[in-house]
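Contents: one structure, followed by commentary.
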Amino acid sequence: MLTRILLFIIFSFISLQLHADDFHPTNPKKIKWKFQGTMGSFDREAVQRGYKVYKEVCAACHSMNKIAFRNLKEVGFSEELVKSIASSYQITDGPNDIGEMFERPGALSDYFVPPFVNKQAAMASNNGAFPPDLSLIIKARHDGANYVYSLLSGYESNKADENGLYSNPYFSIGKLSMAPPLSDGLVEYDEGRQSTVENMAYDVVNFLQWAAEPEMEVRHRLGLKVTGFLVVLTVFFLLANRRVWSRLSN
Ligand code: HEC
């Protein structure tokens, strides 16, 4: 009997030890996004500011392969501005007539230029971790918008541990190779909005949400039209129905 009790205590202790290492990520903060809900639409200004944050900060490590420069017109940037943004990048094109690749300024039809030539180069510069493409990241993560916002604004410290990892309670395993990318005042905003970590995180998530689902507004508008059509149709049928049966009941 005593050995049994002893064994029980030893096993419970071992299993407690095993579970002590289990990390449970903190649930993301709940932010009120303008794009939420059936009537939600994009906050164009936030999306534009978010592009600035992406371009000046995140694009140093993260590609956005699915977005072309011309797409930026959809968020309210003028054609002129988008053209000048595109042409500020050098695109590798080719091969030309003699089989060589060449560089030319970007055009509207080009896609965002990735920061690294390949995955290995990206990992070599990032402590062995791969910075994922951000085109669809909001859809690729559960509760994506709240999650990315919380991740960006939820670091516990600016210091890495001995393995080069940074503590963040919102990340699945509590530590990641991305150093806190945002710090107060990092990006220059127009007057009237401070570039706090929270504001920049809010803006860049608006941009990433648009990138992941640019057709969202069209979908919402279509949903509204279809619902309206069905309501009208229902009323029409009810009236027609009454009319038809009224002759019989008299
Ligand atoms: C200096 C390079 C660097 C910069 C700048 C950077 N990141 Fe990262 N990011 C990484 C790396 C590396 C990872 C992979 C981390 C890991 O898996 O440990 C990562 C991972 C992520 C993830 C994925 C987390 C997950 O759930 O897998 C998101 C989202 C993200 N970054 C968003 C951003 C945003 C938004 C910005 C700009 C505000 C940004 N990053 C700036 C290097 C960077």
Are any residues in segment 169-178 near the ligand (Cβ under 9 Å from one of its atoms) and farther than 20 Å from M123 by Cα, and if so, which ones? Y170
Taking the options S157, S135, name whichever one is of a type in the set (S, T, N, Q) and touching a helix residue (DSSP H, G or I) at 6+ places or on another chain (Cβ under 7 Å). S135
Taking interchain pairs and intrachain pairs at least six residues apart, which have beta carbon atoms under 7 angstrom, with the first residue in segment 95-124 and within 19 Å of I67 (Cβ to Cβ) and the second assigned to a helix (DSSP H, G or I) and within 13 Å of the ligand (Cβ to nearest atom)? P115/A59; P115/A60; F116/A122
Just wondering, is there one or more residues in segment 239-247 that are closer than 17 Å to K55 by Cα and not in a loop (DSSP other than H, G, I, E, B)? no
For a quick check of your reading of the model, give me the residue pairs whose first member lies in segment 186-206 and is polar (S, T, N, Q), whose second is within 10 Å of the ligand (Cβ to nearest atom), with beta-carbon atoms closer than 7 Å and at least 6 apart or on different chains. S195/L186; S195/V187; N206/G50
Which listed residue, of K55, K73, is within 16 Å of the ligand (Cβ to nearest atom), closer than 30 Å to E191 by Cβ and open to solvent by 60 Å² or more (accessible area, probe 1.4 Å): K55
When every residue in segment 122-144 that is of a type in the set (A, V, I, L, M) and open to solvent by 30 Å² or more (accessible area, probe 1.4 Å) is compared, the one nearest to M178 (Cα to Cα) is A129
Complete set of residues in segment 179-210 that are away from the ligand (no atom under 12 Å from the Cβ) and either more than 16 Å from A145 (Cβ to Cβ) or hydroxyl-bearing (S, T, Y) (or both): D184, G185, E188, Y189, D190, E191, G192, R193, Q194, T196
Out of all the residues in segment 90-112, which are in contact with a strand residue (DSSP E or B) (Cβ under 7 Å, 6 or more places away or on another chain) and open to solvent by less than 70 Å² (accessible area, probe 1.4 Å)? I91, D93, G94, N96, R104, G106, D110
Just one of (1) open to solvent by 40 Å² or more (accessible area, probe 1.4 Å); (2) over 28 Å from V117 (Cβ atoms) trips up K66, so point out which. (2)
Residues that are farther than 20 Å from D203 by Cα, open to solvent by 50 Å² or more (accessible area, probe 1.4 Å), near the ligand (Cβ under 10 Å from one of its atoms) and not in a loop (DSSP other than H, G, I, E, B): does segment 145-168 have at least one? no
Could you go through segment 212-234 and let me know if any residue there is modelled with pLDDT of 95 or more, within 16 Å of the ligand (Cβ to nearest atom), open to solvent by 60 Å² or more (accessible area, probe 1.4 Å) and part of a helix (DSSP H, G or I). no
Within segment 90-130, restricting to residues that are in contact with a helix residue (DSSP H, G or I) (Cβ under 8 Å, 6 or more places away or on another chain) and of a type outside the set (A, V, I, L, M, F, W, C), the one that is nearest to the ligand (Cβ to nearest atom) is P115
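The values are calculated or read from the model by the stated rules, or taken from the named source; none is laboratory data. Predicted model, so just to flag it, every value in this text is computed and none were measured. Reconstructed Cβ throughout: ideal geometry from the backbone, glycine too, with neighbour counts over all protein chains shown. For the accessible areas, the whole protein counts, side chains as well, though only heavy atoms, and no ligand, DNA or RNA atoms are used. Shrake-Rupley method; radii C 1.70, N 1.55, O 1.52, S 1.80 Å.
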